[in-house]
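Some notes on the structure that comes next.
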Amino acid sequence: MKNMKSYEIRQMWLDFFKSKGHSVEPSASLVPVDDPTLLWTNAGVTPLKKYFDGSMRPENPRITNAQKCIRTNDIENVGKTARHHTFFEMLGNFSIGNYFKEEAIQFAVELLFDKKWFGFDKDKLYITHYTNDLDARNLWIKNGISPDHLIPLDGNFWEIGEGPCGPDTEMFYDRGEKYDSRGKELIEKDIENDRFIEIWNIVFSQFNSKEGVKREDYKELPSKNIDTGCGLERLCCVMQGVDTNYDTDLFMPIIKKTEEISKVKYNGQMAFKVIADHVRTVTFAVADGATLSNEGRGYVLRRVLRRASKYAKSLGINKPFMAELVDVVIDIMDPFYPYLHEKKAIVKQIISAEEEKFLQTLASGEKRLESIVSQTKGDVISGEDAFVLYDTYGFPIELTIEYCEELNKKVDVEGFKKYLLEQKERARNARKDEGSMKGQNEEFLNFILESKFSGYETTSQKSKVIAIFGNAVVLDETPFYAFSGGQLCDKGTLNDSNVIDVVKMPNGQHLHVLDKNPFKVGELVDAVVDKEYRNMTRKNHSACHLLQASLQNVLGNHVHQQGSQVCSEYCRFDFNNYQSLTDEEILKVEDLVNQYIKEAHMVDTKVLPIEEAKKLGAMMLFSEKYGDKVRVVDMGVSKEFCAGTHVYNTVEIEQFVISSIESIGSGVFRCMAYTSNNAMELLKESQKNILETLNTAILKGNDLVKKAKSEGIDITYDYYLRPIDVVGYRYVLALRKEINRAQEAYKALEKDYNQKRSQNALKSLDVFDSKIKNNKLFTTVDITDSNLIKDMATALRNNKNLDVVLLASVNGEKVTFVSACKAPYNASNVVKEACKICGGGGGGKPDIAQAGGKDPSKVMEALAHVEEVLK
């Protein structure tokens with residue numbers, strides 16, 4: 001067996017299968033594309049599902065890949081065992097309806113044992129197979145595997161619910177008695193051990209499982225597939241002759257760097273393994289676009305990073321350090337993942353920020369946990385205490401469980417879930433004040449120094465730092481608008497530091513979150529707001545006011561704001577109404593806003609006692625809480641309570657275009673709109689889906705014309721894209737109209753094609769002669785027009801003097817069955833029999849009948865079934 005580096009093993013795998021006619025599929029993103037059922041890409045076959053389920057046909061039915069994957073379902077075992085990981089690479093070779101069992105086993109034998117490739121010793125491999133799969137057993141023997149190295153197992157059958165399934169065969173490498181004196185019974189009895197390491201699994205997907213049907217009665221798939229998985233980390237462990245995956249060149253450089261940082265020697269400690277595994281996970285996930293948050297994918301990632309931080313503390317590392325390991329991860333993985341270099345800076349920045357945030361609460365959280373444990377009577381920490389650790393100290397529940405296990409305590413997880421659900425309900429029912437601090441703490445609540453907002457008058461000034469909270473500062477006076485009232489915060493700089501967020505603290509001060517914080521309390525800084533960003537945000541906010549006035553004018557005074565978000569790019573406005581808006585109403589609303597803009601209304605702002613402001617008729621949010629004095633923004637056609645930034649005259653908004661108005665709940669609608677001189681460009685960008693649909697329709701028509709021409713059929717696609725010279729929502733409507741025109745033109749084109757194709761087919765019915773058996777014909781046809789299919793079935797019956805004709809046509813998800821029969825056969829019964837397999841129904845006369853099926857994948861099975869019934 002060759003001793004190879006990880007990148008050499010990966011490359012040899014790909015090179016081998018490429019030499020066998022496989023296409024090398026690039027490693028897909030860890031964040032699944034167009035698959036909401038998955039948090040992560042978790043298997044080598046995941047990005048190939050589109051091929052296996054038939055939704056897309058690969059250019060080459062032979063595929064190989066090295067796919068990066070994340071699985072966190074057993075994260076608690078990472079570091080405890082030699083082979084558990086959250087991030088791993090799965091090597092695979094796949095056949096979609098091409099080669100099957102014989103070739104798959106031949107390929108495995110050649111790659112594993114040939115001296116040109118991996119060069120394994122055959123005596124070191126033990127191979128399992130499904131007990132009843134004697135074909136696989138015989139093929140292994142045929143390829144030189146000793147029968148006493150073949151192990152039949154009833155469990156070697158891959159099956160998940162209904163659908164494709166089949167037997168599998170697994171390859172185990174024997175590392176010898178050094179790891180366990182027992183023999184192959186460890187495999188036979190599925191005993192956890194370190195002697196026999198599973199390195200490769202091949203699934204022979206050949207059956208269709210069905211509920212209620214015994215496995216031995218499963219029907220064979222018309223198209224058999226091969227799906228394999230070989231863990232790179234395990235293969236490296238075996239081929240590099242080391243004890244665990246963590247001793248391979250995929251992990252040891254990370255462990256060595258952790259030794260350097262911690263000044264602790266590695267002797268197999270769990271902490272080193274956890275850190276090495278988890279930093280790989282976070283590095284790749286963030287590089288692939290994942291973010292850290294408190295739910296879904298982001299929660300999983302945060303949990304992984306914080307678990308690593310927690311174990312780092314046991315090595316004496318009490319500072320952010322994982323960013324230093326990112327460089328090592330990228331160096332190791334560079335040969336196959338060079339894109340990591342361009343993502344390095346942002347990955348390190350995100351990891352450091354998250355570590356800093358967690359370390360600020362970790363020490364106090366641990367002290368609180370110790371206090372909770374000491375005060376707890378019995379062995380179970382209450383759900384309420386676990387929730388406090390989660391809500392106040394940022395401890396994921398899984399981390400609390402792990403801490404408690406070390407202290408021989410358990411956690412009331414169900415009680416924790418109850419408190420978490422109550423919090424979510426409170427948040428759902430409460431006013432969604434997007435500008436308030438989330439997870440306020442005592443330090444913020446006790447901060448009472450005054451800080452003034454000067455942003456209405458200026459966008460830059462000298463200010464003094466009066467408080468520091470981690471990577472954030474408070475100034476005595478600031479031009480930066482804080483996220484509140486639906487308006488996103490300003491962007492800009494404090495000296496050389498970028499202001500990445502500004503939020504309101506509990507007592508009203510503006511907290512500036514920075515990308516780096518070199519400041520000290522008392523230091524003077526240059527606070528400079530990004531003028532262009534502020535200017536575009538002002539335009540969008542003022543446009544929202546005009547939009548509400550326009551909606552009330554067009555729809556009625558019952559319309560009120562239900563929520564909003566304004567930023568430099570767009571304005572989003574939620575409002576109530578009794579019913580969906582018509583296109584004519586949307587156009588009226590848009591036209592009226594543009595009219596208000598052109599009328600050049602001065603924008604006047606005043607701070608007034610609330611009762612005086614109410615007398616002016618200024619609108620207010622009913623769910624909002626106001627002080628004794630309020631700021632009123634008056635645009636002539638609109639008066640509202642508002643603390644946001646606005647234009648000085650409506651003419652500054654320039655242009656207003658609506659992209660969409662859609663329902664987001666019972667009686668609540670959302671309007672997306674754009675302003676200023678780039679409004680149309682942004683609108684067109686927002687309509688990408690419609691443009692893609694239109695382009696697809698046009699391409700589809702052109703492709704059909706080409707296909708017809710190749711068949712000697714002359715058809716004309718009566719559609720061309722007309723110039724669209726309207727703006728705003730009229731542009732959206734024009735696009736939709738063009739889609740309808742293109743689709744109608746395609747329907748006409750398809751009808752013409754089918755008619756001419758059928759006419760050609762009727763002239764040459766002899767093409768079906770080879771499929772006629774016992775004076776009966778059961779076949780599929782490419783024609784989708786049911787009338788033409790009937791004509792063809794009748795002509796075949798009469799011209800060929802057939803007793804039974806059953807034609808099946810697939811159009812998308814629909815199946816059409818047409819039968820033409822002569823007595824004593826009944827066409828109506830024939831199509832009904834076909835629908836027993838495909839679902840659906842229909843009927844007709846004894847001589848001609850039609851039915852519709854629901855499952856196109858079972859068409860061939862249905863035809864075979866009817867043929868068998870009529871024998």
Residues of region 804-835 being touching a Leu at 6+ places or on another chain (Cβ under 9 Å) and either of a type in the set (Val, Ile, Thr) or assigned to a loop (DSSP other than H, G, I, E, B) (or both), which ones? VAL804, VAL805, THR816, VAL818, LYS822, TYR825, VAL830, VAL831
Please count how many residues of region 70-99 are assigned to a helix (DSSP H, G or I) and in contact (Cβ under 8 Å) with a residue 24 or more places away in the chain. 2
So the check is Cβ under 9 Å with 6+ separation or different chains; which pairs have a first residue in region 177-189 that's under 16 Å from HIS149 (Cα atoms) and touching a residue at least 60 places away in the same chain (Cβ under 8 Å) and a second one that's open to solvent by less than 70 Å² (accessible area, probe 1.4 Å) and outside any loop (DSSP other than H, G, I, E, B)? ILE187/TYR126; ILE187/THR128; ILE187/ILE151; ILE187/LEU153; ILE187/GLU170; ILE187/PHE172; ILE187/PHE196; ILE187/GLU198
Output the number of residues of region 217-236 satisfying the condition of being within 30 Å of MET1 (Cβ to Cβ), assigned to a strand (DSSP E or B) and open to solvent by 30 Å² or more (accessible area, probe 1.4 Å). 1
Sort through LEU301, LEU292 and tell me the only one that's open to solvent by 20 Å² or more (accessible area, probe 1.4 Å), within 24 Å of the chain's Cα centre (by Cα) and of a type in the set (A, V, I, L, M, F, W, C). LEU292
Taking into account only those residues within region 394-413 that are over 29 Å from the mean Cα position of the chain (by Cα) and assigned to a helix (DSSP H, G or I), which is nearest to SER309 (Cα to Cα)? TYR403
Out of the strands (runs of 3 or more DSSP E) lying entirely within region 432-505, which hold 1 or more residues that are open to solvent by 60 Å² or more (accessible area, probe 1.4 Å) and either modelled with pLDDT of 90 or more or farther than 26 Å from GLU569 by Cα (or both)? 460-469, 497-504
Anything in region 709-743 that is touching a Phe, Trp or Tyr at 6+ places or on another chain (Cβ under 6 Å) and open to solvent by 70 Å² or more (accessible area, probe 1.4 Å)? List them, or say none. none
Filter result for the condition that a residue is in contact with a helix residue (DSSP H, G or I) (Cβ under 8 Å, 6 or more places away or on another chain), aromatic (Phe, Trp, Tyr) and free of Cβ contacts under 8 Å to residues at least 40 places away in the same chain, over PHE321, PHE387, PHE336: PHE387
Do the conditions hold for ASN156, that is, is it crowded, with 20+ Cβ neighbours inside 10 Å and within 27 Å of LEU232 (Cβ to Cβ)? yes
Quick check on region 547-592: of everything there that is part of a loop (DSSP other than H, G, I, E, B) and of a type in the set (Phe, Trp, Tyr), which residue is surrounded by the most Cβ atoms within 10 Å (Cβ to Cβ)? TYR570
Near pairs, Cβ below 6 angstrom, 6+ apart or cross-chain, from region 675-691 (open to solvent by 60 Å² or more (accessible area, probe 1.4 Å)) to any residue that is of a type outside the set (Lys, Arg): ASN677/GLU654
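Condition check ((1) more than 39 Å from the chain's Cα centre (by Cα); (2) over 28 Å from VAL805 (Cα atoms); (3) polar (S, T, N, Q)) across all residues:
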position: GLU738; (1), (2), (3): no, yes, no
position: GLN743; (1), (2), (3): no, yes, yes
position: LYS751; (1), (2), (3): no, no, no
position: LYS756; (1), (2), (3): yes, no, no
position: LEU765; (1), (2), (3): yes, no, no
position: ASP769; (1), (2), (3): yes, no, no
position: PHE778; (1), (2), (3): yes, no, no
Within region 132-150, is even one residue open to solvent by less than 70 Å² (accessible area, probe 1.4 Å) and of a type in the set (S, T, N, Q)? yes
If ASN811 satisfies every condition in (1) open to solvent by 30 Å² or more (accessible area, probe 1.4 Å); (2) of a type outside the set (A, V, I, L, M, F, W, C); (3) in contact with a strand residue (DSSP E or B) (Cβ under 9 Å, 6 or more places away or on another chain); (4) within 13 Å of THR780 (Cα to Cα) but one, which is the exception? (3)
Inside region 823-843, can you point out the residues that are touching a residue at least 24 places away in the same chain (Cβ under 8 Å) and closer than 17 Å to ASP791 by Cβ? VAL831
Over region 751-780, the set of residues assigned to a loop (DSSP other than H, G, I, E, B) and modelled with pLDDT under 90 is SER764
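Matching residues to (1) part of a helix (DSSP H, G or I); (2) over 24 Å from ARG280 (Cα atoms); (3) among the hydrophobic types (A, V, I, L, M, F, W, C):
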{"site": "TYR311", "(1), (2), (3)": "yes, no, no"}
{"site": "LEU325", "(1), (2), (3)": "yes, no, yes"}
{"site": "ILE330", "(1), (2), (3)": "yes, no, yes"}
{"site": "PHE336", "(1), (2), (3)": "no, no, yes"}
{"site": "ALA345", "(1), (2), (3)": "yes, no, yes"}
{"site": "GLN360", "(1), (2), (3)": "yes, no, no"}
{"site": "LYS367", "(1), (2), (3)": "yes, yes, no"}
{"site": "ASP385", "(1), (2), (3)": "yes, yes, no"}
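Yes/no per residue for (1) among the hydroxyl-bearing types (Ser, Thr, Tyr); (2) under 26 Å from the mean Cα position of the chain (by Cα); (3) open to solvent by 40 Å² or more (accessible area, probe 1.4 Å); (4) under 21 Å from GLU76 (Cα atoms):
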residue: PHE251; (1), (2), (3), (4): no, no, no, yes
residue: ILE255; (1), (2), (3), (4): no, no, no, yes
residue: ILE261; (1), (2), (3), (4): no, no, no, no
residue: TYR311; (1), (2), (3), (4): yes, no, no, yes
residue: GLY316; (1), (2), (3), (4): no, no, yes, no
residue: GLU342; (1), (2), (3), (4): no, yes, yes, no
residue: GLN360; (1), (2), (3), (4): no, no, yes, no
Residue check, GLU25 among the acidic types (Asp, Glu), crowded, with 19+ Cβ neighbours inside 10 Å and on the phi < 0 side of the Ramachandran plot: yes
What is the number of the single condition among (1) within 24 Å of THR244 (Cβ to Cβ); (2) more than 23 Å from the chain's Cα centre (by Cα) that ALA323 does not meet? (1)
Within region 695-743, the residues that are without any contact (Cβ under 8 Å) to a residue 40 or more places away in the chain, within 30 Å of LYS588 (Cα to Cα) and of a type in the set (Ser, Thr, Tyr) are TYR720
Hey, any hits in region 510-526 for a residue that's within 13 Å of LEU488 (Cα to Cα) and open to solvent by 40 Å² or more (accessible area, probe 1.4 Å)? no
Is it the case, given these coordinates, that ILE690 is in contact with an Asp or Glu (Cβ under 6 Å, 6 or more places away or on another chain) and under 24 Å from LEU581 (Cα atoms)? no
Could you run through region 369-383 and say how many residues are in a loop (DSSP other than H, G, I, E, B) and open to solvent by 80 Å² or more (accessible area, probe 1.4 Å)? 2
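Only one of these is in contact (Cβ under 8 Å) with a residue 40 or more places away in the chain and surrounded by 18 or more Cβ atoms within 10 Å (Cβ to Cβ): ASP174, ASP194. Name it.
Numbers: ASP194 fails: surrounded by 18 or more Cβ atoms within 10 Å (Cβ to Cβ).
On inspection, the qualifying residue turns out to be ASP174.
The values are calculated or read from the model by the stated rules, or taken from the named source; none is laboratory data. Keep in mind the model is a prediction, meaning the values are calculated, not measured. Every residue, glycine as well, gets a Cβ built from its backbone with ideal geometry; the counts of neighbours run over all protein chains shown. These accessible areas exclude ligands, DNA and RNA; they are computed on the full protein's heavy atoms, side chains included. Shrake-Rupley method; radii C 1.70, N 1.55, O 1.52, S 1.80 Å.
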